[in-house]
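Okay, structure first, notes after.
The values are calculated or read from the model by the stated rules, or taken from the named source; none is laboratory data. Only a predicted model underlies this, so the values are computations on that prediction, with no experimental measurement involved. Here Cβ is always computed from backbone atoms with ideal geometry, including for glycine, and neighbour counts include all displayed protein chains. Quick note on the areas: whole protein, heavy atoms, side chains included, nothing else; ligands and nucleic acids left out. Shrake-Rupley method; radii C 1.70, N 1.55, O 1.52, S 1.80 Å.
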Amino acid sequence: MLDLHTHLIGHQDRPANRENIQDYLEAARRAGLQEIGFSDHDMYLEDLNLPLIREVAEEYPDLKVRVGLEVDYRAEDEAKIQTLLQTFPFDYVIGSVHEIKNWLFDYPDQAPKHREVDPDQLYLEYFSLVEKAARSQLFTTIGHFDLIKIFGVRPRTDVRELAANALQAIVENGLVAELNTAGRYKPVGEFYPERKLIQEMVNRGIEFTLGSDAHEAQYVGRDLSEATHLLQACGVKRLIRFEQKKRLTLPLS
Ligand SMILES: [Zn+2]
Ligand SMILES: [Zn+2]
């Protein structure tokens with residue numbers, strides 16, 4: 001079992017010190033993980049201490065500890081992201097769309113705005129950014145693929161149709177999707193992506209990794225065994241993990 005989407009410092013809730021790294025690694029052990037990856041938000045890069053993660057990891061020889069980053073994708077920032085990714089030898093990079101034309105749509109106070117626009121248009125705009133992220137050659141992984149459903153707004157049209165170009169871009173660029181369990185604790189109350197999309201991804205040959213999106217140590221590994229069973233039920237035979245951007249596999253049996 002692995003968890004490649006965790007936030008050591010949350011939203012700048014605590015420092016990136018030895019004690020907090022240990023808290024996360026202890027939580028990973030308790031959750032029975034073999035592997036954990038830290039993927040803090042790129043906007044906090046200056047608050048992180050990535051070499052310290054590698055150092056503390058040596059105290060936990062039973063755990064594989066990876067260092068990644070979750071990057072806010074904005075089309076106009078591609079060059080900036082490219083530069084930022086050269087500052088550390090990341091094991092993997094999650095590209096996430098949290099923002100549509102400067103609208104930070106996933107903030108809790110933005111829920112009403114989701115109901116003021118045409119839902120199909122909302123989904124199409126979101127997925128067109130996911131498509132761009134997938135084509136940018138910057139990432140190994142696409143984060144929480146259907147995050148736009150966060151407040152429970154559903155499109156009129158089949159979501160697989162609205163997501164088709166983004167899915168195609170993921171295939172063409174050899175990216176990995178994640179099954180991200182955090183959506184269950186948002187108003188929508190279900191994993192990202194929903195089962196129908198997982199099945200569509202499997203049909204298109206897209207592979208998966210796992211992430212809790214824990215912003216606190218206590219949530220590391222949350223619901224990941226259920227997530228694994230869901231993937232298996234959809235025909236997934238192995239998970240993907242990363243070392244220095246190289247894809248490694250973890251068979252599911
Ligand atoms: Zn995110
Ligand atoms: Zn995250």
Please tell me if D72 is more than 24 Å from L248 (Cβ to Cβ), within 16 Å of ligand 2 (Cβ to nearest atom) and either modelled with pLDDT under 95 or among the charged types (D, E, K, R) (or both).
yes
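Report the residue count in the range 98-110 for those that are touching a strand residue (DSSP E or B) at 6+ places or on another chain (Cβ under 8 Å), surrounded by 15 or more Cβ atoms within 10 Å (Cβ to Cβ) and of a type outside the set (D, E).
Of the residues in the range 98-110, the ones touching a strand residue (DSSP E or B) at 6+ places or on another chain (Cβ under 8 Å) are 98-99, 110.
Narrowing further to those that are surrounded by 15 or more Cβ atoms within 10 Å (Cβ to Cβ): 98-99.
Filter once more, so that each one left must be of a type outside the set (D, E): 98.
Number satisfying all stated conditions: 1.
Residues I94, I81: which one is assigned to a helix (DSSP H, G or I), touching a residue at least 24 places away in the same chain (Cβ under 8 Å), within 16 Å of ligand 1 (Cβ to nearest atom) and open to solvent by less than 70 Å² (accessible area, probe 1.4 Å)? Spell out how you get there, then give the answer.
Numbers: I94 fails: assigned to a helix (DSSP H, G or I).
Unique residue meeting the criteria: I81.
Residues to consider are A28, A75; find the one that is crowded, with 22+ Cβ neighbours inside 10 Å, in contact (Cβ under 8 Å) with a residue 40 or more places away in the chain, away from ligand 1 (no atom under 16 Å from the Cβ) and not β-branched (V, I, T). Give the derivation first.
Details: A75 fails: crowded, with 22+ Cβ neighbours inside 10 Å.
Going through A28, A75 in turn, the sole match is A28.
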Might you let me know whether the range 181-189 holds any residue that is without any contact (Cβ under 8 Å) to a residue 60 or more places away in the chain, open to solvent by less than 40 Å² (accessible area, probe 1.4 Å), over 26 Å from F88 (Cβ atoms) and touching a Gly at 6+ places or on another chain (Cβ under 7 Å)?
yes
Restricting to the range 120-172, and then to whatever is on the phi > 0 side of the Ramachandran plot and away from ligand 2 (no atom under 16 Å from the Cβ), can you tell me which residue is surrounded by the most Cβ atoms within 10 Å (Cβ to Cβ)?
G152
Take the residues of the range 1-20 that are in contact with a Phe, Trp or Tyr (Cβ under 8 Å, 6 or more places away or on another chain) and either free of Cβ contacts under 8 Å to residues at least 60 places away in the same chain or in a helix (DSSP H, G or I) (or both): which is farthest from E216 (Cα to Cα)?
Q12
Provide a single number: the residues in the range 178-210 that are basic (K, R), assigned to a loop (DSSP other than H, G, I, E, B) and farther than 16 Å from R222 by Cα.
1
